[in-house]
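In what follows, a single structure is set out as structure tokens and then discussed.
The values are calculated or read from the model by the stated rules, or taken from the named source; none is laboratory data. Every value quoted in this text rests on a predicted model; they were computed, and no experiment measured them. Please note: Cβ atoms are built from the backbone with ideal geometry, for glycine as well, and neighbour counts cover all protein chains shown. Accessible surface is based on the protein model in full, side chains and every heavy atom, while ligands, DNA and RNA are left aside. Shrake-Rupley method; radii C 1.70, N 1.55, O 1.52, S 1.80 Å.
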Amino acid sequence: MKKMIIRGGQKLSGKVTIGGAKNSTVALIPAAILADTPVKFDSVPDILDVHNLMLILESMNVKSVFDKGELEIDPTQIKSVPLPGGAIKSLRASYYFMGALLGKFGEAVVGFPGGDNIGPRPIDQHIKGFKALGAQVIEENDAVRIKTGENGLQGTRIFFDIVSVGATINVLLAAVRASGTTIIENAAKEPEIVDLATFLNNMGAQIRGAGTDVIRIKGVSSLKATNTHTIIPDRIEAGTYLAFAAANGEGVLVKNVITEHLEPFIAKLVEMGIYLEVNEDSIYVKGGDNLNPVTVKTSPFPGFATDLQQPITPLLMRANGESKIIDTLYPERIKHITEMQKMGAAISSSDGVITVGHSDNLRGATVKASEIRAGVSLLGLALMSKGVTTITHADNILRGYERIIEKLRNLNVEIKIVDDECENH
């Protein structure tokens, strides 16, 4: 494991360019195996999840080459094999291979998904969708075994009991190659789903309504890539840098942003009294004083993203008064709180409500990044603190933020990364 060593009191200034969306990429890579031709992506973030997905592709005899943001995948020699425990255990998004393999081969054996521990994330809606399409689903020995009958997958109408990004994507991937028309109701509307549908439609899929709560998919027999698909910018990465710049910046320009994807987040910054210049594909943040406390309530898109409730937390500590965070999606997403308390932060959680008070006397400490967003929120707090902070398990931050050390250096912030065993602090 790696650890980050951060000297407090460093101010962000300059420019940062946002990379491709992690949450799009981890769906697009499994989707690529549905193609009958090689596939090319660009704006691919250089993060650990991408390299893990490439290992999983390799286990299926799918060649992939990743260089400078461009990823080529050749699924023309793919073999249907049970997917491994190793890489898949560490990578929740690998469960999108369930839908993709089901669409491609009519069967899939996939180890149970792992990923960040932020509370229960059951896959019952995925399984409900697969069964509705005519597949048998057997859960055994930490794996899910899915198989279609003689008639293959058949289009149908599916109503999800809850809005689920994962289930919407998985059923979409399976239904693209099913016979007839599938209608998904109460579908998730996230931009990453629109990105996936755009990629598939460009290969000949017939998907309508992505980005609304009803998606119609008319199955096709073949998908062929004819151009390179550019992945949308990562709205969570963008929001993280905007929050850091607002809390602790002296003028930061965040480039390569689709501002419509960040409207609820931008609205909160404005409500706090932060000066922003919102341009067509960039946002300039001046930083702010005399900030107002706010209440943040997460909800599915187009609401405030759950992945941004932790990154905005250090900024809330600048406000004059108490702010509240209510995470309606993952109320157990609170692993950052005890770590922040070690640094002198006025933050607590009770009955599903996180209370964040004005925190002046922040000090460096040794803290643990238990998952991606919790870890990055500690990094934001470390920059606001006096003294030196050491974040252990920093690999978790690197999983979700490409070249974060380099990008912060361009914002005039120096952070040291070391292997945990080779430095004693």
Please compute the length gained on full extension between R403 and T338, using 0.36 nm multiplied by the number of residues separating them and subtracting their Cα-Cα distance.
20.7 nm
For the peptides 15-21, 145-151, 57-63, what is the packing order when you average, over each peptide's residues, the other Cβ atoms within 10 Å and list the highest mean first?
15-21, 57-63, 145-151
Using Cα atoms only, what is the angle between the long axis of helix 22-31 and the major principal axis of the chain, expressed in degrees (0 to 90) to the nearest 10?
10 degrees
Just need the relative contact order of the chain here, percent rounded to a whole number, with Cα pairs under 8 Å and 6+ apart.
21 percent
Rounded to the nearest 5, what is the percent of antiparallel bridges among the DSSP beta bridges in the chain?
70 percent
Calculate the FRET efficiency for D360 and K297 from the Cβ-Cβ distance with a Förster distance of 22 Å, rounded to the nearest 0.05.
0.25
The size of the Cβ-based charge dipole (Lys, Arg +1; Asp, Glu -1) of the range 237-389 about the Cα centre, to the nearest 20 debye, is 560 debye
Give the percent of DSSP beta bridges with both residues in the range 248-351 that are antiparallel, rounded to the nearest 5.
60 percent
Of T230, V257, S179, which is farthest on the positive side of the dipole of the range 147-274, counting Cα position, with +1 on Lys and Arg Cβ, -1 on Asp and Glu Cβ, and the Cα centre as origin?
S179
Can you compute the charge dipole magnitude of the chain about its Cα centre, using +1 on each Lys and Arg Cβ and -1 on each Asp and Glu Cβ, nothing else charged? Give it in debye, rounded to the nearest 20.
80 debye
Among I283, F301, I325, whose Cα lies farthest out toward the positive end of the dipole of the range 235-364, if unit charges sit on the beta carbon of Lys, Arg (+1) and Asp, Glu (-1)?
I325
Within-13-Å neighbourhood charge of E414 [Cβ basis; K, R +1; D, E -1]
+4
From DSSP H assignment alone, runs of 4+ in the chain each adding -39500 (n - 2.57), the sum over residues rounded to the nearest 500 puts [θ] at 222 nm at -8500 deg cm²/dmol
The range 1-108, dipole about Cα centre (Lys/Arg Cβ +1, Asp/Glu Cβ -1), debye to the nearest 20
720 debye
So with the 1.4 Å probe, I'd like the accessible area per residue for the range 371-419, rounded to whole Å².
30 Å²
Taking amide H positions as placed 1.01 Å from N in the peptide plane, with prolines and chain starts having none, which residues 5 or more places from Q10, or on another chain, fall under 5 Å of its amide H?
none
So how far apart, in nm, are the two label points at T228 and L55 if each is 7 Å from Cα heading toward Cβ?
2.8 nm
Mean accessible surface per residue for the range 285-346, computed with a 1.4 Å probe while every protein chain stays in place, in Å²
39 Å²
Report ³J(HN,Hα) in whole Hz for each residue of the range 398-408, in order, from the Karplus equation J = 6.51 cos²θ - 1.76 cosθ + 1.60 where θ = phi - 60°; Gly and Pro get x.
5, 5, x, 10, 6, 6, 5, 5, 5, 5, 5
